[in-house]
Amino acid sequence: MKRSLKEAGTLEVGSLLGDLKLLSKTVRSHAAAHDVAVWINAGGDVFVSRTNNAPALTSDLFVGTYGLGINASQIYDDLAALRHERVAGAIIFR
């Protein structure tokens, strides 16, 4: 059974390494009911919470805040940019 954002406070909604199109739609569905903050952890897991419940975050882990009227494509663009940054930063040249 899926827990609601109201019940959980914070939800893990996917991975930065997964399907970003589906992930952006999931985030948008939460943003339709509440203003939400989205962030990742070091492992690339993506979390969403109401903006008033969001933890203090460093800018490299923060994806954005979204509310009613946000397009899934805008969320997708933010997630894709962050994934690109993280992948580019992980490449080691020898």
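Summarising the label geometry, the points placed 7 Å from Cα in the beta-carbon direction at Ala56 and Thr10 lie 1.4 nm from one another.
Under 5 Å between amide hydrogens, built in the peptide plane, is the criterion, and for Leu61 it picks out nothing among residues at least 5 positions away or on other chains.
Every number in this text was worked out from the coordinates using simple rules, so none of it is lab data. Here the structure is a predicted model, which means the values were calculated and not measured. With ideal geometry, Cβ positions are generated from the backbone for all residues, glycine too; neighbour counts draw on all protein chains shown.
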